[in-house]
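Below you'll find the structure, written out as structure tokens, and then a few comments.
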């Protein structure tokens, strides 16, 4: 009896929840209204069945509950009823399946003139490649991947030379355009999902998968990885900016071609050394750092990391509100142009890396090692030397006090939360692997002990 | 096939002589069943605790974050694998299969009792290996329960060295155990049925367990070879599933393998696995509904054919787990069609359960609460499957919380409700005691309503596009703050449901000792397992003489009978039989002159 009433309440409650729910599909930004249509049809059919069968169930539970003098009817089967129910069910299935298959047929066959964009996934970053003036993407393969060629473009292929390559988590697309995404992975399975586009597809190492969509609304949308790809899977984020074609063309023109990235002149270490004189006041003549001036050790950091951080300070991504130490650095970076930043970074990276003196005394280094190897080593490597591949800086032997300081900044979203910090948010969340201040110090001390 | 003369001969049963051979290394199917069931429940409790740790992380990431990203993925993986394989498969086949098959077919034991004992101990070894991974360097694997390569053995995945090897070893050992048990169940059903018990007189429980076991014997080998191949890839650096890839900036020495091949092998096992769990559940719940509704199961023959049809179809739908895997997308047409076809026999089963209630005389005993709760959750979970099966809808919903909600409704909550229904239903037989009804009803309401409060809203996070397997949502432009509030509510509901299971454990353990003595056949069940001379049945089950069967298992409320059920073992001479006519649809049985 109570159960019959509860079932009715659950049915009604589910319907109310359905219509009252603020959690619903995002506003669509691609021409896949047909997918939404199939979802609507499925809702109507399944919704009808849900209501009808459950109400009938509740009715039976109520009506045929045990009562004095009541006896069950002996009715083993009723072929007519069973056959007609099968037929009705089959009709319902066809109603949902038929439009589904039609829409799938359009999904599997992209238009011939769709704009090809290559989307590359790696642990836990995105890269992108656009065809150059020739309109053709050059061949690519895992064997060509290295620090200077993170896309794996075949350097021998003439078609690839003019390809526009992006080594970063943001892609742009022209609006009102059929886009075919060619999906590649460099390591494990990944997945390209933009909820507003409605479509997704896995990226599989060893093959090129695809999806397509017609962009319909300008805007900036999150790219999510939706195939588990390791410990930082939840932080493999990107961004797609859909914009009018003219804006897109202008953006594209600013991006380097593959050939350009391969022929960049080496930075001048000598020029960097000269420029470094200004830095030495705080960071020390050998970039060994000076805690009294809140200046961390820099020697040992990779040049690409230094370049990025200097650019962040220069553009206000770092050193903003609440980051008092960073605020001291920001004006220093303001005066540097791109070349100066490259030269300076190259010089600092060339300095001998002598481990900074430890300042944390009572830490549990074993606990630090445990936390580090479980959560951090995937990007920063077992020995703490970091790698360009995961955009992870060198940590071993660096200033422990600065590490503590920065982890706390990440945890308080002082660092890493800026919209243009395309790599920092990963650390905001990975930093939670250290449960409290003691654990942060344990990891800091462990890293400082690494040689 | 139906009649096995040997079964009637005096048999030399291997009677136990000591406490150890009676309760530990027992060859009695009933003891083995309870060993299987208790081990499965114990390991299930571990998985439940893991899920609550995950829920705390998701619901209260700032305050109750008890686990780091690494442990989160390990919890995801171990929760899934334990629940699907080590709990549900072991529970329904090793547990209920073992207990019920010999009793329901009127046999003294499984046909290979020693092998049966071995099956349990090998299963226990697989569980120990699995649990050992919690203590191994690096901990258990965190690759997700689907264990998709290449990440399983790569540095970015927790437990990529020891954890994954222990997982693969444990699975291989589990499959050995399953095969020993499975061959036993199938052979016993085919060969050891008592006199008069034709296949079409078997209770649906036996049909469900039997068919599920056949599925398992075909499906598990696919997982077995996949596990062996992956172990080769990991230990010997072969390239079955490994293309040329980069690990942390360095190229690995692998080439030419296919990660998608693993997914095919995995899901060729994985989808039938859904039905390896579901078919026994269908069977058990059919018998429970029929007994407590005092009415025959409606459309028995259709129910049997539906079980067989679902079992057969379950082998040609596997790639619906892979619509967006990067496999040739043209496969989508075939697998969407087969997947939606499977909805027809499944829907018929639901109709027939409800039609069994129709014009019944429903006793709202505790098992019936759980059984009706199951019908509700199964309808819900089945219908959401139509979204995911219909290939295009998988584009937005795949790998979101909609998937989590769907399979927990259909494969988590639903089977578990039937597990509880079945424990409460057969507890008087297994223990000779009654459980405490008040606690059992509290257990039902908290579990049923709590589970719905967890999973209904979760579907809507999926519509929104919240991805599964995320340690933290981070900042996005499409997930509103309210989603976090919803997550917190879901976590609270999960904690309540988790705590409610303590009521169950307490009730069972307390009632074993203090429960009221159960009367013989308290539900008035017609099927054979309740007709043993002793309750609980002793070793050998039937005393000196095996039973004979004269009718199907569903003679409830037969017109003209002395009581509202006729045990299967009652001869035609003593009670009316409608066996000859009851398959005639146009014959109005209620008015039949019998």
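What follows is calculated from the coordinates using simple rules that are stated; it is not laboratory data. What you see is a predicted model, and the numbers here were worked out from it, not measured in a lab. A quick note on method: Cβ atoms are made from the backbone with ideal geometry, for glycine too, and the neighbour counts reach across all protein chains shown.
Projected onto planes of every orientation and averaged, the convex hull of the alpha-carbon atoms in chain B covers 27.9 nm². Each residue of region A:116-262 gets 95 Å³ once the volume of the Cα convex hull is shared out per residue.
Stokes-Einstein diffusion of region A:273-449 at 25 °C, 0.890 mPa s viscosity, Kirkwood radius from Cα pairs, rounded to a whole number: 151 µm²/s. Label-to-label distance for residue A:108 and residue B:505 is 4.9 nm, based on points extended 7 Å past Cα in the beta-carbon direction. Each principal axis of region B:26-202 carries a Cα extent, and these read 64, 30, 28 Å when sorted largest first. Rg and Dmax of region B:229-321, based on Cα coordinates, read 21.4, 68 Å.
If R0 is taken as 22 Å, the Cβ-Cβ distance between residue B:237 and residue A:146 corresponds to a FRET efficiency of 0.50. Counting Cβ atoms of other protein chains within 10 Å of each Cβ in A:121-133 and taking the mean gives 1.
With a 10 Å cut-off around each Cβ of B:245-255, the average count of Cβ atoms from other chains is 6.
Model label points for residue A:5 and residue A:84, set 7 angstrom from Cα along the Cα-to-Cβ axis, are 3.4 nm apart.
Here the sum of -39500 (n - 2.57) over DSSP H runs of 4 or more residues, divided by the residues of chain A, equals -13500 deg cm²/dmol at 222 nm, to the nearest 500. Taking Cα atoms only, the orientation of helix A:2-20 departs from the longest principal axis of chain A by about 50 degrees.
Restricting attention to chain A, close to 70% of DSSP beta bridges with both partner residues there are antiparallel.
Considering chain A, its Cα convex hull presents a mean projected area of 30.6 nm².
Here the peptides B:508-514, A:429-435, A:266-272 are ranked by packing, the mean other Cβ count within 10 Å, and the order with the highest first is A:429-435, A:266-272, B:508-514.
For chain B, the 222 nm mean residue ellipticity estimated from helices alone, with every DSSP H stretch of n ≥ 4 adding -39500 (n - 2.57) and the total spread over all residues, rounds to -19000 deg cm²/dmol.
Relative to the longest principal axis of the Cα atoms of chain B, helix B:69-81 runs at roughly 30 degrees. Mean separation of Cα pairs under 8 Å and 6 or more residues apart, divided by the residue count, gives region B:26-202 a relative contact order of 28 percent. Sorting the segments B:315-325, A:322-332, B:99-109 by their residues' average number of neighbouring beta-carbon atoms within 10 angstrom, most packed first, yields B:99-109, B:315-325, A:322-332. Relative to the longest principal axis of the Cα atoms of chain B, the long axis of helix B:366-389 lies at roughly 40 degrees. Counting only other chain Cβ atoms within 10 Å of each residue's Cβ, the peptide B:186-197 averages 0. With a cut-off of 8 Å between alpha carbons and a minimum separation of six or more residues, what is the relative contact order of region A:273-449 in percent? Computed over region A:273-449, the figure is 24 percent.
Across the protein assembly as shown, Cα-Cα distances exceeding 58 Å account for 19% of all pairs.
In whole percent, what relative contact order does chain B give with Cα contacts below 8 Å and a gap of six or more residues? Once normalised by length, the contact order is 15 percent.
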